[in-house]
Amino acid sequence: MESLQKLIHQLIDSGELISATLSQRRKRDPEGFTKVVIKPVELKKSLYYQFAYHYSNKVTHENIPAAEVERPLMELFEETMRQGLLCTADADYQILISKKYKVSILTKTATKTQADLNHNRKKRYILDEGEPVPFLVELGIMNENGKVLAKKYDKFRQINRFLEMVQDILPALPEGRELTIVDFGCGKSYLTFALYHYLNIQQRRPLRIVGLDLKADVIEHCSQLAERLHYDKLRFLVGDIADYNELDQVDMVVTLHACDTATDAALEKAVRWGASAILSVPCCQHELFAQVQNDELSPLLSHGILKERFSALATDAIRARLLDLMGYRTQLLEFIDMEHTPKNILIRAVKGSAGDQATLWQEYTVFRNMLSANPYLENACRDLLPQAAETSKA
Ligand SMILES: C[S@@+](CC[C@H](N)C(=O)[O-])C[C@H]1O[C@@H](n2cnc3c(N)ncnc32)[C@H](O)[C@@H]1O
């Protein structure tokens, strides 16, 4: 291990490391991460290394200051992972660690360039500053020269972050035909316009988007803006999510900060349409707060503020697991949003298998029963949860 430690020290100390990918777990663990991807990132003008831990159904991130990164990186090799690829502009180093901890280091031709490093260090956005984007100008986020207004910078970052999350799931969307997207509870629709611009104008995907909201005045305003921008395939309608029956087939459902169980109504619609992708940022999760009961959790539940936060997290865990049970692979990601709450959770689900359904269901029912929860989404989708039908028959 000494030769590896020396190499890691040299690459970190000189700032040469462009990326590291660690794989091949020493001991199999279905709950554990299977890969770790490490890259330098600039945060608050300092160099950090971002560790992305890849699990079967999610990716978690940890940013570690450059000065402290050697130890956790070495520990991953010492305890968990048996293979690694460390990339610099001069060479790639392939690391192989035997069962008996014998280390081999193979030096290979570089596959990454310095440009990759610069790219990582200076964040590039999907919508770049300096180039006027008509909808951002209309919404007062940029001026006509493409300069982002100082007080709108958070919004600009948030729109870009959202688009990055959409970018990640592009391969899950059908190709070769017009996409249909619905944004439930679209409100002022900053992100609906962003989605249209990104998919239709930047990515040249034929599509139509429907934005639905209860508020007639907001919908009127959004419709006028869509007209001014000549976004011909973006329509805004007044209506309640639960009553929306206009379409038979939808490819992607977006629902951002729709209040309480309005999110569940949107998720139910998405699942029944068989949408290929769902992006949902829940908000005001009150339902479980009124239901949750468990004497063993009394130290937590007896404090209103903790009960509220716990109920919100448990609600999202329930939603994610129910989506997994209805044919989706679901991830929970951090979504920074200055307008509503500083930090939110985004539920991102794409069609696919999340794993053994019997185990998922078993874990779900134990969790739901432990909390005495009676979730809207489970009740609304009972017919789509075959295990539920079997259990209620038993
Ligand atoms: C907090 S705003 C979020 C707006 C926008 N999606 C965003 O993230 O900026 C929530 C919106 O959801 C709408 N909404 C809440 N319940 C709804 C329902 N049942 N049907 C349609 N819209 C709903 C509200 O009118 C409001 O405009």
Have a look at Tyr328, Tyr364, Tyr376 and point out the one that is out of contact with any His (no Cβ under 8 Å at 6 or more places or on another chain), modelled with pLDDT of 95 or more and under 26 Å from Ala52 (Cα atoms).
Tyr328
Among the residues in the range 254-275, are any within 22 Å of Glu164 (Cβ to Cβ), buried (at least 22 other Cβ atoms within 10 Å of the Cβ), in the same structural domain as Ser372 (by TED's automatic domain parsing) and polar (S, T, N, Q)?
yes
Counting just the residues of the range 221-241 that are part of a helix (DSSP H, G or I) and either in contact (Cβ under 8 Å) with a residue 60 or more places away in the chain or not assigned by TED's automatic domain parsing to the domain that holds Val253 (or both), which one comes out farthest from the ligand (Cβ to nearest atom)?
Arg228
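Let me confirm something: among Phe33, Phe77, Phe51, which residue is surrounded by 16 or more Cβ atoms within 10 Å (Cβ to Cβ) and part of a loop (DSSP other than H, G, I, E, B)?
Phe33
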Ile278 versus (1) assigned to a strand (DSSP E or B); (2) within 11 Å of the ligand (Cβ to nearest atom); (3) among the β-branched types (Val, Ile, Thr); (4) under 18 Å from Leu384 (Cα atoms): which is the lone unmet condition?
(2)
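Which members of the range 144-171 meet the condition of being closer than 22 Å to Gly274 by Cβ and either surrounded by 19 or more Cβ atoms within 10 Å (Cβ to Cβ) or modelled with pLDDT of 95 or more (or both)? Even if it seems obvious, please write down each step before you answer.
Residues of the range 144-171 that are closer than 22 Å to Gly274 by Cβ, as a first pass: 165-166, 168-171.
Across the range 144-171, the qualifying residue is only Val166.
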Filter the range 185-204 for residues that are in contact (Cβ under 8 Å) with a residue 24 or more places away in the chain and of a type in the set (A, V, I, L, M); which is farthest from the ligand (Cβ to nearest atom)?
Leu199
Residue among Leu247, Leu256, Leu207, Leu214 that alone is near the ligand (Cβ under 9 Å from one of its atoms) and under 16 Å from Ala277 (Cβ atoms)
Leu256
Restricting the range 281-308 to residues that are part of a loop (DSSP other than H, G, I, E, B) and within 16 Å of the ligand (Cβ to nearest atom), the residue that is farthest from Glu378 (Cα to Cα):
Cys284
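Every residue, every condition in (1) among the β-branched types (Val, Ile, Thr); (2) touching a residue at least 12 places away in the same chain (Cβ under 8 Å), yes or no:
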residue	(1), (2)
Asp13	no, no
Val41	yes, yes
Tyr48	no, yes
Ala66	no, yes
Arg71	no, no
Kindly check whether there is at least one residue in the range 208-220 that is of a type outside the set (Ser, Thr, Tyr), part of a loop (DSSP other than H, G, I, E, B), at pLDDT 90 or above and surrounded by fewer than 16 Cβ atoms within 10 Å (Cβ to Cβ).
yes
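The values are calculated or read from the model by the stated rules, or taken from the named source; none is laboratory data. As the structure is a prediction and not an experimental result, all values here were calculated from the model. Neighbour counts are summed over all protein chains in view; Cβ atoms, including those assigned to glycine, are modelled from backbone coordinates with ideal geometry.
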